[in-house]
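Enquirer: I'd like to ask you about the structure that follows.
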């Protein structure tokens, strides 16, 4: 009886879900893997692409920089998003350029997309 109560008690406790966790089948057993995303590398790549697209110095493009402060108009922002999709082999939805205001927000969105692949 005590064993059944312990099993029932442990069954109710659920571990917090991590976005990058995926079940994988290995030899007929489910194994949970965690895909690590190097957020610093993603941010560096995003900054580099924005620098190329806008023709701006890389030093001027910081994580907290807003696209509008960097001189990007709506067309520039769409072109940046297209370049990011190509670089990271992801697909961003049509509303992404409107939701993203800063370089860090773009990097976070991309890191999330990579983790969910």
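Enquirer: What is the spin-label model distance, in nm, from residue 59 to residue 79 if the labels are put 7 Å beyond Cα along the C-beta direction?
Expert: Using points 7 Å along Cα→Cβ, the separation is 2.5 nm.
Enquirer: Now for a separate question. Could you check the simple spin-label distance between residue 52 and residue 40, using points 7 Å along Cα→Cβ, in nm with one decimal?
Expert: About 2.3 nm, to one decimal.
Enquirer: Taking square-rooted eigenvalues a ≥ b ≥ c of the alpha carbon gyration tensor, is the stretch 40-97 rounded, prolate or oblate, where a/c under 1.5 means rounded and, failing that, a/b exceeding b/c means prolate?
Expert: oblate
Every number in this text was worked out from the coordinates using simple rules, so none of it is lab data. Here the structure is a predicted model, which is why all the values come from computation and not from measurement. Don't worry about glycine lacking a Cβ; one is built from the backbone with ideal geometry, like all the others, and counts go over all protein chains shown.
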